[in-house]
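Note sheet for the following structure.
The values are calculated or read from the model by the stated rules, or taken from the named source; none is laboratory data. Since the model is a prediction, treat every value here as computed from it, not as a measurement. Cβ: placed from backbone, ideal geometry, glycine included. Neighbour counts: every protein chain shown.
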Amino acid sequence: MTWQGLPESVEGRLRNATPADFDFLDGVARELSRSGTEWYQRQDPHEAAGPTRDAVRIRRLLARADPLRFLGGLATVVSNLGVYLFAAGDYQEALRLGDEAVACYRVLARDDARYEADLAAALGNLSNRLVTAGRARDALAAAEEMVAIKRRLAAADQAHRSGLAAGLSMVCAQLVQTGQRQAAVDAAQEAVAILRQVMAVSGSNAAAMAAALNNLSEASAALQAPQRARAAAEEAAAMYRQLAGDQPERYSPELAAALSNLASRWWEQREPASAEPLAAEAVSLLRELAQGNPGHLPALAKAMNNLGVYRAALGRARESLVLARDSAAITRRLAGDNPGFLPDLAAALNNLATRLAEVDRPGEAVSPAEEAVTIWRHLAETFPERYLADLADGLGNAANRLSQAGRYVAAEACRQEHDQIRARLRADGQRP
């Protein structure tokens, strides 16, 4: 049921609000916020956003009138709305709300240290959204500020050490994005060391440890330390396998992701025969999960693409093509419902074009390659820092497919634009 907006009686009291209306309006905002949370828990961020927008409107008015009393409530609903809109693919508005939430929590934490944990969480959300906007250095700055807060909290209370480890894992990912690979490994190793200490005392936090090991694996791979990367991935997969054996509904998705990560480590060592069975197991797990919960379809589509790459390298090109077609079909449905999946659709179409070329169908390969370029171009217009490099990659792929199909003039135009974008990226100090 689509949110129809506030009743006119509530709108009237909101327009003409006096202090006598504040308790009533605060109660309405609380009810609306609860409704948004319930919709989000049902995996419907679009519906969740409706009542939460009105909760934000109410609490902005209340916070302007009495910030000491109502600013905390405003910070909460602004943060929630940002989460819902980010999940719905409205990245620009989610980023603006992330900034607003951080600003609110800064004011609150300045006067009351109890809000420091909330400020750290808001900085973490903001960092993730800045990554999506292609602002890697700003994302790193937000994540590092978050870790500084969590470090203070952990020094005062050891119960915050797991939160510090999670923050270090986020910083690790941002450091990789900004090319600071050794620093990324250092952050990941500190996170793992903290969690080993926590586990030695409490015996818990196995899931957090497995996640930290996966991050260490990714950072080590970026640093071109393949043995350490694979060892961390193997330990993470083993931990998730044990967790999934005890609680399959909760941890099977994480096991599938860990298997995909371990497969990537083998692939990086040019061992597709070792990568393929791990990727196949991940696809099998995700197929089963997606039958009961379509929320697992994005992970399934990516896992199918990966499995197709490994099978193509093993000479199983036709099987690879089937996987690529299925992955593109799934991702197209997802992007039709949520534009946040458009980058995944472009990547899937690029992969499909490559798979078609591998089975000597160059004419069919052109269409998905060109569609991928159209999508990347649209995304790059909004977030050039994030998507220009992807547009260049797509143009290079389209140029190859067009050339193979005998369309040399169009292929040359793609190559020229590809070269121009690469030159621009080099001049801007971005990935060439």
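So for region 271-291 (the condition being hydroxyl-bearing (Ser, Thr, Tyr) and more than 24 Å from THR354 (Cα to Cα)), does at least one residue qualify? No.
Every listed requirement among (1) under 21 Å from the mean Cα position of the chain (by Cα); (2) under 20 Å from ALA279 (Cβ atoms); (3) of a type in the set (D, E, K, R) is met by ARG250 save one, (2).
Looking across region 31-48, the residues that are assigned to a loop (DSSP other than H, G, I, E, B) and without any contact (Cβ under 8 Å) to a residue 60 or more places away in the chain come down to ARG42, ASP44.
On inspection, SER127 fails the criterion of being closer than 27 Å to PRO343 by Cβ, within 20 Å of the chain's Cα centre (by Cα) and modelled with pLDDT under 95.
Just checking, does region 274-293 include any residue being within 27 Å of VAL366 (Cβ to Cβ), of a type in the set (S, T, N, Q), modelled with pLDDT of 95 or more and out of contact with any Gly (no Cβ under 6 Å at 6 or more places or on another chain)? Checked against the condition, which is being within 27 Å of VAL366 (Cβ to Cβ), of a type in the set (S, T, N, Q), modelled with pLDDT of 95 or more and out of contact with any Gly (no Cβ under 6 Å at 6 or more places or on another chain), region 274-293 yields no hits at all.
Okay, residues lined up against (1) without any contact (Cβ under 8 Å) to a residue 60 or more places away in the chain; (2) among the β-branched types (Val, Ile, Thr); (3) surrounded by fewer than 24 Cβ atoms within 10 Å (Cβ to Cβ); (4) not in a helix (DSSP H, G or I):
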| site | (1), (2), (3), (4) |
| --- | --- |
| VAL78 | yes, yes, no, no |
| TYR84 | yes, no, no, no |
| GLN92 | no, no, yes, no |
| LEU95 | yes, no, yes, no |
| GLY98 | yes, no, no, no |
| ARG106 | yes, no, yes, no |
| ARG110 | yes, no, yes, no |
| ASP118 | yes, no, yes, no |
| LEU126 | yes, no, no, no |
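If you check ASP393, ASP419, which single one turns out to be in a helix (DSSP H, G or I), touching a residue at least 24 places away in the same chain (Cβ under 8 Å), charged (D, E, K, R) and out of contact with any helix residue (DSSP H, G or I) (no Cβ under 6 Å at 6 or more places or on another chain)? Write out each step before concluding.
Working: ASP419 fails: touching a residue at least 24 places away in the same chain (Cβ under 8 Å).
Testing whether each residue is in a helix (DSSP H, G or I), touching a residue at least 24 places away in the same chain (Cβ under 8 Å), charged (D, E, K, R) and out of contact with any helix residue (DSSP H, G or I) (no Cβ under 6 Å at 6 or more places or on another chain) leaves just ASP393.
Residues of region 148-173 that are among the charged types (D, E, K, R) and either farther than 19 Å from VAL131 by Cβ or modelled with pLDDT under 95 (or both): ARG151, ARG152, ASP157, ARG161. Does GLY134 satisfy the criteria of being assigned to a loop (DSSP other than H, G, I, E, B), within 14 Å of the chain's Cα centre (by Cα), at pLDDT below 95 and surrounded by fewer than 23 Cβ atoms within 10 Å (Cβ to Cβ)? Judged against the criteria, GLY134 is a match.
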